[in-house]
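Asker: Let me give you the structure first, and then I'll get to my questions.
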Amino acid sequence: MRKISVKIIISALLLFICGLNTYSQKYTFQNELELLRRVDLLPAYRHNQLIEQESSYDRTWGNDDGFSGKYSYIRKEKGTLVLAEFEGPGVINRIWTPTPTNDMLSFYFDGEKNPRLRIRFMDLFTGQVYPFIKPVCGNEIGGYYCYIPIPFKKSLKIVFEGEKIMFHQIQARKLQGMDVESWTGNFSESDRKLLSEVSNLWADISPTVKNYASGVSSGIETDQKNFTIKPGEEVTFFDKNSAGRIVGFEIDGGTSFEGVYKDILLSAKWDNEKVEAIYAPVADFFGYAYGKPAMRSILMGRYGTTNYCYLPMPYDRTASMKLIYKERSGVQQNPVSINVKVYYNSTKRNPKEEGKLYSTWKREKPDIGKFYTFLKTEGKGHYVGTVHMAQGLRPGMTLFFEGDDSTYVDGKARMHGTGSEDYYNGGWYALLDRWDRGISMPIHGSLDYSLPMNRTGAYRFFLSDKLSFEKNIYHGMEHGGVGNNFPVDYTSIAFYYAAQPLLEKMEPTAELRENYLPSTHVYFPQLMQVTPDRGVGVILDRGLMISAYGEGGAVRVMLNDVPEGNYRVLIHYHERKNGADFQVWQRQKQLSDWISTKASQDSYKEKVHVGDIQLTQQTNSVTFHVRKNGTADLFELNLITLEKIN
């Protein structure tokens, strides 16, 4: 029998005792809050910490996801609505709604008869009640969100003390086998200091790698390269043959990644695996929206001309990163000057406790009736981010974004959302100052919104709420409110950490690297950019209501977003007893004669051709001149449609 040294025995005992101490220590609000800033912990597994979500989704797979309130509560109890009941130990990581009220929310912990936390629903998001401070809680793009953790030891029941609640999502995580300290409402100086640090980090609109160079990501070195890449070339900019981790990287190519074509790819491999861990157009990887930079989160995006990614990437033996410039026939492609910085250290990955970063890029026109899949994989890991460009293939309203997200973990349905913009912490697309443009927030946002182009896009990163799986995960999105019934062209990148390498990839062909440009464009009144002249009054109601007085006047409507070209102009309007006359111009060019909208009975005219225009950046508008027809003085415009003339 071999002799075992006393030193080895003592070391083993110390490790065992440390393990017992870690297990027996209380898991507190502060432990969970730390996850909102410690990006270096993103690769770390959360063993058997599975997520679950209560939401107001339509249980019949229809589209009544909160409109009526029918599915917005579990049961009624003593005149209140029970929204959620979770068995502990666990923690609430995220609460979202687009419809907060001033009614009270009560949180009952561990079977107690009295709520430890009672707060106005709205005050979860206003920043006026501590610790629910901005920007960890807040609202933009139509949605109200809260990421302040609410831990519970045995159970948690959430009760709404109002008559009706509409849309909501409440996401929780199991903390199996942990000694969790339930929410107390008392915060130490160290709690307050940590929350302040989290708030400052989330408010930083110009993040740097220094924000995340802590823990296993500390002690970074920088590998910087400047080079020019030509069509048909591949340039490796990072190549290491010893264990370590990439803490982040930055790529500055000026404006070269912008435009219709996405011909420069980013590629990365860990440990000589057969399939690349990252393989995607640079523009898609960094959240560009249809040829323009758009994403500016605390983890990834672009500011100035610098594209940045601060997701940690541990590897065991080797790491290689390169840019690939794909050739495109029939198009002038210029050489591109690139400046790259890779931040790394030599901290080895712990294979039992950390996964490697993988991303799956895809672009697909899913069949009617079929879900769009962000990620479907077997093995162990956790999902940490989605970047998603959503293009409708039918002109009109962006109804494809009615689709719900669905998540299955280890063979069980865990999360069902209430609409696509809701998944991204937004709400109410196509409404003024809500989901109506690209807006970047710390870990979520809208990348673009255009009714005329029938498209949008969004992103969401998961920190404390990352989606752990032990055996498998499916994470996908509907397109359309019911039955995946809206034709779409979706592009996405799913980011996750895993114990097993990728088995396959989608090749970005020349066709898939080109942004789609529709040929028909519809302008809706709620987002029209209008300028009235003298002699008219304008009200946005069911349509663009233009009232003429005196000699009448004019209203200009901007035709933004649409590519330059020649178009037929079609308009939709109402005829009625008090209908005025109108005439259409493009600046100083008359398109139509005077058209009367006066009629004995109300009627609706669709796609009336009023002329053809040449659209440029200088001529992207039409003007409606309106005059009285006797005493009739109202012109109601509903839609403007442009059809491309080839």
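Asker: Report P(r) for region 427-586: all Cα-Cα distances, bin width 10 Å, range 0 to the bin holding the largest distance, values in whole percent.
Answerer: Result, from short to long distances: 7, 25, 29, 19, 11, 6, 2, 0 percent.
Asker: Work out the length of the dipole vector of region 521-644 about its Cα centre, built from +1 on the beta-carbon of each Lys and Arg and -1 on the beta-carbon of each Asp and Glu, and round it to the nearest 20 debye.
Answerer: In debye, rounded to 20, region 521-644 gives about 120.
Asker: Let me ask another. Efficiency by 1/(1 + (r/R0)^6): what FRET value for SER519 and ILE539, r their Cβ-Cβ distance, R0 = 30 Å, to the nearest 0.05?
Answerer: The computed FRET efficiency comes out at 0.40.
Asker: I'd like to know which of GLY162, GLN176, TYR325 lies farthest towards the positive end of the charge dipole of the chain, counting +1 on Cβ of Lys and Arg and -1 on Cβ of Asp and Glu.
Answerer: GLN176
Asker: I need the calculated FRET efficiency for the pair VAL482 and LYS412, taking r as the beta carbon distance and R₀ as 41 Å, to the nearest 0.05.
Answerer: The value I calculate is 0.95.
Asker: In whole Å, what three semi-axes, largest first, describe the equivalent ellipsoid of region 208-354 built from its Cα gyration tensor (square root of 5 times each eigenvalue)?
Answerer: Computed over region 208-354, the values are 27, 17, 13 Å.
Asker: THR228 to GLN614: extension gain in nm, 0.36 nm per residue of separation minus the Cα-Cα distance?
Answerer: So the extension gain works out to 135.1 nm.
Asker: To the nearest 10 degrees, how steep is helix 6-24 against the longest Cα principal axis of the chain, on a 0 to 90 scale?
Answerer: 40
Asker: Would you mind checking the radius of gyration and Dmax of region 24-202 based on alpha-carbon positions, in Å?
Answerer: 16.1, 48
Asker: At a temperature of 10 °C and a viscosity of 1.306 mPa s, determine how fast the chain diffuses translationally according to Stokes-Einstein, using the Kirkwood radius over alpha-carbon pairs as Rh; express D in µm²/s, rounded to the nearest whole number.
Answerer: Using the Kirkwood radius from Cα pairs, D works out to 59 µm²/s.
Asker: I'd like to know which of TYR57, GLY138, PHE187 lies farthest towards the positive end of the charge dipole of region 24-202, counting +1 on Cβ of Lys and Arg and -1 on Cβ of Asp and Glu.
Answerer: PHE187
Asker: Oh, and also: Work out, step by step, the length gained on full extension between SER596 and LEU117: first 0.36 nm times the residue separation, then minus their alpha carbon distance; give nm to one decimal.
Answerer: Residue separation times 0.36 nm, minus the Cα-Cα distance, leaves 166.2 nm.
Asker: Now for a different question. Is there a quick way to get the dipole size of region 24-202? I mean about its Cα centre, with the Cβ of Lys and Arg at +1 and of Asp and Glu at -1; what is the value in debye to the nearest 20?
Answerer: 200
Asker: Follow-up question, since we're still on this one. Report the Cα centroid-to-centroid distance between region 204-253 and region 260-299 in angstrom, as an integer.
Answerer: Computed from Cα coordinates, the inter-centre distance equals 14 Å.
Asker: Under the Karplus relation 6.51 cos²θ - 1.76 cosθ + 1.60, θ = phi - 60°, what is the ordered set of whole-Hz ³J(HN,Hα) values for region 496-504, x standing for Gly and Pro?
Answerer: Once θ is set to phi - 60°, the couplings for region 496-504 become 7, 10, 8, 8, 10, x, 5, 9, 7 Hz.
Asker: To continue, here is another question. Note the full-extension length gain between GLU364 and ILE645 as 0.36 nm times their separation in residues minus their Cα-Cα distance, in nm to one decimal.
Answerer: 98.4 nm
Asker: What Rg and what Dmax come out for region 345-430 when only alpha-carbon atoms are used, in angstroms?
Answerer: Calculated on Cα positions, Rg and Dmax stand at 16.5, 53 Å.
Asker: Hey, with R₀ at 45 Å, roughly what FRET efficiency would ASP103 and GLU353 work out to, going by the Cβ-Cβ distance, to 0.05?
Answerer: Efficiency for this residue pair is about 0.55.
Asker: Pairs LYS322/LYS352; LYS352/LYS466; LYS113/LYS154; LYS174/LYS505; LYS412/LYS466; LYS210/LYS356: which exceed 23 Å Cα-Cα?
Answerer: Cα-Cα > 23 Å for LYS322/LYS352; LYS174/LYS505; rest within.
Asker: Toward the positive end of the charge dipole of region 208-354, about the Cα centre and with charges on Cβ (Lys, Arg +1; Asp, Glu -1), which of ILE298, GLY219, ILE229 goes farthest?
Answerer: Positive-most Cα among the choices belongs to ILE298.
Asker: Next up: At GLU189 and ASN566, where each label point lies 7 Å from the Cα along Cα→Cβ, what is the point-to-point distance in nanometres?
Answerer: Those two pseudo-labels are separated by 7.6 nm.
Asker: In region 338-380, whose amide N lies under 13 Å from the spot 7 Å out along Cα-to-Cβ of GLN500? List them in ranges.
Answerer: 376-380
Asker: Using Cβ contacts closer than 10 Å as the measure, can you line up THR347, THR306, THR531 from fewest to most?
Answerer: Least crowded to most crowded, the residues run THR531, THR306, THR347.
Asker: Moving to a separate point now. Starting from the 7 Å offset along Cα-to-Cβ, what nm value, one decimal, do you get for the label separation of GLU181 and GLU507?
Answerer: The two pseudo-label positions are separated by 5.7 nm.
Asker: Based on DSSP, what percent of beta bridges with both residues in the chain are antiparallel, to the nearest 5?
Answerer: Approximately 95 percent, going by the DSSP bridge assignments.
Asker: With only alpha-carbon atoms in the gyration tensor, what are the semi-axes of the equivalent ellipsoid for region 538-646, in Å, largest first?
Answerer: So the three semi-axes of region 538-646 are 24, 14, 12 Å.
Asker: Arrange the peptides 428-434, 80-86, 112-118 so that the one whose residues have, on average, the most other Cβ atoms within 10 Å appears first.
Answerer: Going by the mean number of other Cβ atoms within 10 Å, highest first, we get 80-86, 428-434, 112-118.
Asker: Given charges of +1 on the Cβ of Lys and Arg and -1 on the Cβ of Asp and Glu, with all other atoms neutral, how large is the dipole of the chain about its Cα centre, in debye to the nearest 20?
Answerer: Around 1200 debye, computed over the chain.
Every read-out reported here was derived from the displayed coordinates using simple, explicitly stated rules and does not represent laboratory data. Predicted model only: the values in this text are computed from it and were never measured. Please note: Cβ atoms are built from the backbone with ideal geometry, for glycine as well, and neighbour counts cover all protein chains shown.
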